[in-house]
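Below is one structure, written out as structure tokens, with a few remarks after it.
The values are calculated or read from the model by the stated rules, or taken from the named source; none is laboratory data. Note that this is a predicted model, so its numbers are computed, not measured. Reconstructed Cβ throughout: ideal geometry from the backbone, glycine too, with neighbour counts over all protein chains shown. Protein only, heavy atoms only, side chains kept; ligands, DNA and RNA dropped before computing areas. Shrake-Rupley method; radii C 1.70, N 1.55, O 1.52, S 1.80 Å.
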Amino acid sequence: MTTNEYEPQALYIRTRARATSTIKGLLQRVINYGRLIRFSHTVFALPFALASATLAWSTHPVTLRTLLWILVAMVGARSAAMGFNRLADKKLDALNPRTRGWEMPQEKVKVWEAVLLTAVASLLFIYAAYQLNPLCFILSPLALAVIFFYSLTKRFTWASHLFLGLALSLAPMGAWLAVTGTPQHPTDLLTPFFLSLAVLFWLAGFDTIYSLQDYDFDRSHGLHSIPVRFGVVWGLRLSSLFHLLTVLFLVLVGLSARLEAIYWVGMAVVSGILVWEHRLVRPDDLSRINRAFFDFNAYVSVGYFFTTLGDILWGK
């Protein structure tokens with residue numbers, strides 16, 4: 001075979017290699033973006049938003065279109081919040097031994113890319129809110145302001161965990177309004193209000209546990225948290241109190257929505273998981289924080305959604 005006969009085959013091999021390299025590069029970039037915004041952590045807020053939509057379904061019709069735009073709004077809001085958080089904490093993350101290997105400190109994601117991602121995700125959230133109803137659209141900039149503000153709070157208040165809880169508590173209230181529209185009376189918001197408070201204290205409780213990993217770093221860099229302000233022992237006690245309040249407000253959700261046996265059985269399981277979570281982490285043993293943070297709280301959120309859905313379906 002002559003040299004000329006080899007050229008088409010060689011060109012094909014080079015072209016295929018370049019195409020493969022380009023695809024791998026794009027996939028890696030998508031993975032980096034997903035890691036930047038911790039997309040897997042959507043499992044925390046999304047099930048509570050869906051549970052709220054399910055509760056609203058008992059008195060209002062829920063269409064597939066509404067569910068679709070709720071999902072888009074959730075992805076947009078959370079991506080925007082995490083993108084802003086990574087930008088706000090870029091310098092701190094580069095100094096913290098736990099986070100210095102993350103995407104922005106390692107420059108796997110550039111600052112301009114994070115800015116663009118945050119802007120696009122914010123616009124996506126606002127557009128999804130517009131597609132849902134006028135009230136959601138009007139409130140969407142306020143919701144973004146709240147979820148962005150959280151990223152700044154650890155610089156000046158130990159209550160930053162509660163601000164994070166407030167940010168995520170907007171999910172069930174927003175999903176409820178997406179289904180029901182403008183409330184006719186304040187009592188119409190009683191059930192989502194209780195659910196939002198449950199999410200607020202649930203998130204604040206496990207974020208307090210999670211922040212124990214950065215106790216020494218936060219103290220040395222003047223950052224604020226409940227463990228830094230009150231100590232590790234009292235931090236864990238306050239986390240337990242927050243989760244006790246979570247259970248209380250979930251009980252009030254069940255009473256206000258007049259839910260039945262499936263809900264209360266699920267509530268017992270959720271309560272048991274929260275108790276187990278606190279048994280995993282002790283002042284003298286913080287080695288299982290990550291398991292308590294991700295696994296157990298994923299069980300709580302997903303389990304609560306399916307419990308609520310099962311009860312509503314059973315009653316229909």
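Computed quantities for the displayed model
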quantity	calculated
Surface/4 estimate of mean projected area, convex hull on alpha-carbon atoms of region 222-314, nm²	6.6 nm²
Kirkwood hydrodynamic radius of region 39-154, from inverse mean 1/r over distinct Cα pairs, in Å	15.4 Å
Degrees between helix 261-280 axis and first principal axis of the chain (Cα, 0 to 90, nearest 10)	70 degrees
Angle between the chain longest axis and helix 111-132 axis [Cα atoms, degrees, rounded to 10]	50 degrees
The chain: Rg to Rh, with Rh as the Kirkwood radius over Cα pairs	1.06
The chain - mean residue ellipticity at 222 nm from DSSP helices (-39,500 (n - 2.57) per run, n ≥ 4, rounded to 500)	-26000 deg cm²/dmol
Residues in region 150-178 reached by a label modelled at residue 63 [backbone nitrogen below 16 Å; 7 Å Cα→Cβ]	178
Inter-label distance for residue 294 and residue 233, nm, one decimal - labels placed 7 Å from Cα along Cα-to-Cβ	3.2 nm
Spatially close lysines, pair count over the chain: Cα under 28 Å, gap of eight or more or interchain	11
Gain upon complete extension [residue 190, residue 269; 0.36 nm per residue less C-alpha separation]	26.1 nm
Estimated inter-spin distance, residue 306 and residue 287, nm [label 7 Å along Cα→Cβ]	3.1 nm
Accessible surface, the chain, averaged per residue in Å² (probe 1.4 Å)	52 Å²
